[in-house]
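The values are calculated or read from the model by the stated rules, or taken from the named source; none is laboratory data. These numbers were taken from a predicted model, which means no experiment stands behind them. For neighbour counting, all protein chains shown are included, and Cβ atoms are generated from backbone atoms with ideal geometry for every residue, glycine included.
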Amino acid sequence: MKKTLVSLMLSMFLVFPTYADNVKIGIILGFTGPIESLAPVMAKSAEMAINEVNKSGNFTHGKINTVRADSTCVDAAAAQAAAERLITAEKVNAIMGADCSGVTTAVLKNVAMPNGIVMISPSATSPALSTEPDNGLFFRTAPSDARQGEVIADLLMEKGFKTAALSHTNNDYGKGLAASIQKNFTSKGGKITITASHEDGKADYSAEVAALAQAGGDILIVAGYLDQGGKGIIQASLDADAFNKFFLPDGMIGDALPKAIGPDLNGSIGSVPGTDSPGAAQYSELAKKAGFKSGPYGPESYDAAALIMLAMEKSKSTKSNVFKKSIMDVANAPGEKIFPGELGKALKLIKSGKDIDYVGATALELVGSGESSGSFAEILIDNQKTKRVGYR
Amino acid sequence: MDYLNGITLILNYIFIPGLTYGSQLALGALGITIVYSVLRFSNFAHGEFMSFGAMSSILLSWLFMSFEINIHPLPTAIMVLPIAVLLTITYCLIVDRLVFKFYRQQNSKSVINLIVSIGVMFFTGGLIRFIVGPGDRNFFDGERFFLKARTFKNITGLNEGLTLKTTQGVTILLSVFLVIVLFWFLNKTKTGKSMRAYSDNKELALLSGINPEKVVLITWIITGILACVAGTLYGLDKSYKPFTYLHLVLPIFSAAIVGGVGNPIGAIIGGFVIAFSELIITFAYKKIFFYFLPAYLVPEGLLQILSTDYKIAISFVILVIVLLIKPTGIYKGKIL
């Protein structure tokens with residue numbers, strides 16, 4: 001029996017030769033949990049970039065496969081297990097992800113670093129990640145919230161809001177963003193009347209809103225998630241007539257929110273990473289062709305996947321510890337500017353020894369330890385739709 | 001004028017929400033108390049029975065909405081409540097026949113029954129998530145407000161608004177109605193009296209010819225009604241998500257114990273004590289002082305005793321204090 005088993009296994013190896021050349025990229029995003037409405041578009045965007053490279057046939061290392069895994073956005077243990085599976089069982093060469101700051105930090109610290117795998121997150125925005133030790137393995141195509149805090153403070157000041165109440169979700173993302181908003185808004189002469197956290201996944205937020213209402217303010221900044229407590233806080237505020245204007249940072253931007261709240265949300269403003277560079281429009285066009293509508297963090301996901309493949313080409317290696325050094329190189333100037341849909345061309349240029357400057361869908365420029373310098377779109381909720389009304 | 005503003009503020013943020021939340025807790029605590037005093041165990045599955053009731057209302061509401069049968073301006077869920085109640089009662093009775101009956105015939109200790117009820121809780125929770133899924137389910141329709149803050153401000157000319165949501169009004173009215181009927185049933189009807197006798201002294205009641213299976217049946221029917229109504233009202237007023245009902249069991253149990261386990265009046269009082277203390281302790285009093293005190297006495301800070309993060313802890317602190325000072329609860333329990 002033992003012999004048969006052994007020979008059977010051996011014959012399996014003969015029948016299925018190992019595709020040593022094939023490259024695998026893991027996509028780990030919160031397909032369930034607080035940002036489940038955003039994750040599918042993000043994953044599709046990354047896969048779109050990978051398909052583009054596969055179709056071009058210019059990639060030296062063969063065909064690229066993808067594996068999806070669920071980060072849950074909030075459950076660090078589940079996210080680590082998922083990442084562990086990608087690396088040990090699926091043998092991925094790099095990870096596009098994770099999404100939310102808390103799970104991204106956990107995966108980086110406990111899975112990616114020990115295994116020496118490159119991680120490029122499209123949406124982890126906690127300022128703490130800028131200083132997290134990463135052996136040069138971690139990058140993000142989304143800007144740090146330290147930058148978003150600045151943008152939000154500017155926007156509020158320009159619109160004439162001098163006082164604001166602030167409610168944030170009780171996790172790394174919420175705390176980091178809240179601290180950054182508070183620091184920037186106060187230094188510009190504004191006043192935060194109260195900073196209170198809210199827990200996600202509760203049925204009732206009227207007590208939280210009661211406290212916020214007593215502190216008062218021209219506007220309520222809700223640094224939460226649109227599928228979770230953030231929505232609850234807004235609904236309860238409107239029900240009690242505590243606030244009627246809201247500021248919505250990136251986690252709150254999505255068409256699901258105005259749809260759920262209704263016309264009362266019209267006139268509220270927000271900010272989300274985005275740019276008016278031609279890359280954004282080209283990306284939307286590509287997405288439409290691929291059969292989906294672009295959404296928040298879709299462009300960042302496309303860029304994250306593209307960077308991984310371009311760096312692999314540039315360094316002539318699919319090993320994380322080698323190609324990690326080329327990521328900054330392909331992302332920044334000098335070189336020929338590369339927009340979405342031009343990945344095939346970029347690969348050809350690299351092969352011929354030319355320098356490239358990946359601009360991508362988000363006008364990407366990596367600064368510091370490898371994070372996007374960040375351009376933001378200004379959002380206005382109008383007629384129950386999120387509209388981009390400006391860029392900064 | 002300032003005093004009126006201050007009073008409106010208290011009404012809007014403490015009194016009306018407290019009354020609503022208190023009613024929901026009281027109905028839940030009543031269900032637990034009745035099972036406890038008749039069947040002699042703490043029914044941890046009650047939260048999930050409420051969830052089951054709410055789920056039945058949701059599914060039926062959607063069905064009726066699709067036929068465009070409604071009772072505008074009231075939510076459709078109120079119209080389908082009787083059918084949902086029947087479904088919940090049926091579920092309670094099935095669970096009793098399949099699970100609790102076995103342990104009753106074995107004369108199991110109440111702690112064994114308690115653990116069995118935890119098993120039932122997990123099963124029911126799983127069943128519910130299997131049927132409607134784990135996500136938010138919105139089933140509110142009809143008019144959202146009885147009284148809008150802006151309308152109130154226009155009528156009275158005050159700075160502070162007062163809102164009364166439809167769901168709040170419905171919750172309070174329906175709870176009062178249900179409690180009156182329940183007390184009438186327990187005190188005036190023969191069946192009610194036999195239930196009280198059974199809970200007071202089981203052996204004596206059996207000797208005087210009371211049919212125990214009938215008492216058990218009536219108990220589950222009452223539990224089903226209370227659970228379904230409380231669950232539906234909570235889901236309508238706040239939001240329905242299966243997971244939140246698991247957490248709801250905790251304040252409901254504290255309400256029942258604070259009031260005195262097994263005592264229906266205690267359960268109602270306990271519900272309101274828990275609800276109001278959660279609101280009163282986490283409220284920020286800055287504005288109220290602003291209206292009631294002369295300007296130079298108004299303090300700078302928010303005047304919040306505890307952050308709202310600790311809301312859930314308050315019911316436990318009260319529970320501990322009550323058990324230390326008056327272990328029987330506010331009203332002496334164990335008798336219907």
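Odds and ends about this structure:
- B:S199 being surrounded by 13 or more Cβ atoms within 10 Å (Cβ to Cβ), away from chain A (no Cβ under 14 Å) and not in a helix (DSSP H, G or I): no
- Matching residues in region B:190-209 - criterion: being more than 29 Å from B:T20 (Cα to Cα) and without any contact (Cβ under 8 Å) to a residue 12 or more places away in the chain: B:K190, B:K193, B:N201, B:K202, B:E203, B:L204, B:A205, B:L206, B:L207, B:S208, B:G209
- Among the candidates A:S294, A:S301, the residue that is part of a loop (DSSP other than H, G, I, E, B), on the phi < 0 side of the Ramachandran plot and surrounded by 17 or more Cβ atoms within 10 Å (Cβ to Cβ) is uniquely A:S294.
The rows are residues; the columns are (1) out of contact with any helix residue (DSSP H, G or I) (no Cβ under 6 Å at 6 or more places or on another chain); (2) closer than 24 Å to A:P299 by Cβ; (3) modelled with pLDDT of 95 or more; (4) not acidic (D, E).
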| residue | (1), (2), (3), (4) |
| --- | --- |
| A:S71 | no, yes, no, yes |
| A:A76 | no, no, no, yes |
| A:T88 | yes, no, no, yes |
| A:N93 | yes, yes, no, yes |
| A:A98 | no, yes, no, yes |
| A:S101 | no, yes, no, yes |
| A:P114 | yes, no, no, yes |
| A:P127 | no, yes, no, yes |
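- Evaluating B:L114 against the criteria (1) away from chain A (no Cβ under 14 Å); (2) without any contact (Cβ under 8 Å) to a residue 24 or more places away in the chain leaves one unmet condition, (2).
- For A:K175, the criteria (1) within 22 Å of A:L238 (Cα to Cα); (2) part of a helix (DSSP H, G or I) hold in every case but one, which is (1).
- Residue in region B:35-48 that is within 19 Å of the chain's Cα centre (by Cα), within 14 Å of chain A (Cβ to nearest Cβ), surrounded by 21 or more Cβ atoms within 10 Å (Cβ to Cβ) and not small (G, A, S) present: no
- For region A:304-323, a residue qualifies if it is surrounded by 20 or more Cβ atoms within 10 Å (Cβ to Cβ) and either more than 25 Å from A:G274 (Cα to Cα) or among the aromatic types (F, W, Y) (or both), and the qualifying residues are A:M312, A:E313, A:K314, A:T318, A:S320, A:F323.
- A:K324 basic (K, R) and within 21 Å of A:D99 (Cβ to Cβ): yes
- Here B:F183 does not qualify as surrounded by fewer than 17 Cβ atoms within 10 Å (Cβ to Cβ), outside any loop (DSSP other than H, G, I, E, B) and without any contact (Cβ under 8 Å) to a residue 40 or more places away in the chain.
- Top-ranked residue in region A:97-143 [being hydroxyl-bearing (S, T, Y) and assigned to a loop (DSSP other than H, G, I, E, B); ranked as farthest from A:T32 (Cα to Cα)]: A:T131
Every residue, every condition in (1) surrounded by fewer than 19 Cβ atoms within 10 Å (Cβ to Cβ); (2) closer than 22 Å to A:I253 by Cβ; (3) in contact with a helix residue (DSSP H, G or I) (Cβ under 8 Å, 6 or more places away or on another chain); (4) in the same structural domain as A:V23 (by TED's automatic domain parsing), yes or no:
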{"residue": "A:I117", "(1), (2), (3), (4)": "no, no, yes, yes"}
{"residue": "A:E132", "(1), (2), (3), (4)": "yes, no, yes, yes"}
{"residue": "A:A153", "(1), (2), (3), (4)": "no, yes, yes, no"}
{"residue": "A:S167", "(1), (2), (3), (4)": "no, yes, yes, no"}
{"residue": "A:D172", "(1), (2), (3), (4)": "no, yes, yes, no"}
{"residue": "A:K175", "(1), (2), (3), (4)": "no, yes, no, no"}
{"residue": "A:S197", "(1), (2), (3), (4)": "no, yes, yes, no"}
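- Test: B:G125 is surrounded by fewer than 15 Cβ atoms within 10 Å (Cβ to Cβ), under 30 Å from B:S66 (Cβ atoms) and touching a helix residue (DSSP H, G or I) at 6+ places or on another chain (Cβ under 9 Å): no
- Only listed residue being in the same structural domain as A:A165 (by TED's automatic domain parsing) and within 14 Å of the chain's Cα centre (by Cα), chosen from A:G262, A:G251, A:G270, A:G298: A:G251
- Members of region B:291-306 found to be free of Cβ contacts under 8 Å to residues at least 60 places away in the same chain, within 13 Å of another protein chain (Cβ to nearest Cβ) and not small (G, A, S), listed by number: B:V298, B:P299, B:E300, B:L302, B:L303, B:Q304, B:I305, B:L306
- When region A:181-222 is filtered for residues that are under 15 Å from B:N12 (Cα atoms), in contact with a His (Cβ under 7 Å, 6 or more places away or on another chain) and within 7 Å of chain B (Cβ to nearest Cβ), only A:E208 remains.
- Listed conditions (1) closer than 21 Å to B:L174 by Cα; (2) more than 14 Å from every other protein chain (Cβ to nearest Cβ) are all met by B:F253, apart from (1).
- Test: residue in region B:315-322 that is of a type in the set (G, A, S), within 14 Å of another protein chain (Cβ to nearest Cβ), in contact with a helix residue (DSSP H, G or I) (Cβ under 7 Å, 6 or more places away or on another chain) and buried (at least 21 other Cβ atoms within 10 Å of the Cβ): yes
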